[in-house]
Amino acid sequence: MRVDKFLWCVRYFKTRSLATNACKTGKVKIKGDNVKPSREVFPQDKITVRKNQINYQIDVLDVPTSRLGAKLVGLYVNDITPKEEFEKTELLKYSKDYYRKKGVGRPTKKDRRDIDDWFEDKGEKKEDATEIKVDNKEEESNQ
């Protein structure tokens, strides 16, 4: 059976075209070698699939004849992906939430407090600053 069809049959990809594209872009390897979508899969092969920033490692136990139900996948495939791969994604998720570019999106609570402190240091209150902006807009519209 072809690699792309196998990965689709054992439900690693939702569609066969996604599996084919993954093979073409080098995200699927058999025994460490990049493969084309037409490469045949045999029992005892070790397949590595990079999907969602995780390197899944699969042992092929048997080759199915057609697409399987989710409960039957374990008869044909043994997932030997290390737990560290999944932990990496957790760390990545937290790092994305923590770092935010300046000026992008709504200010956080800490940003808001820093803005308030800045206005107090200048001797102005936040309400005074907003009134000044409103007064300036009214003057511009009158001219």
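The values are calculated or read from the model by the stated rules, or taken from the named source; none is laboratory data. Keep in mind the model is a prediction, meaning the values are calculated, not measured. Backbone-built Cβ (ideal geometry, glycine too); neighbour counts: all protein chains shown.
Here are some notes:
- Which listed residue, of Thr108, Thr48, is at pLDDT below 90, surrounded by 10 or more Cβ atoms within 10 Å (Cβ to Cβ) and of a type in the set (Ser, Thr, Tyr): Thr108
- For region 1-32, a residue qualifies if it is aliphatic (A, V, I, L, M) and over 20 Å from Asp62 (Cα atoms), and the qualifying residues are Leu18, Ala22.
- The residues of region 37-53 that are part of a strand (DSSP E or B) and more than 16 Å from Leu18 (Cα to Cα), listed by number, are Glu40, Lys46, Ile47.
- Sole exception among (1) at negative phi; (2) surrounded by 13 or more Cβ atoms within 10 Å (Cβ to Cβ) for Asp79, by number: (2)
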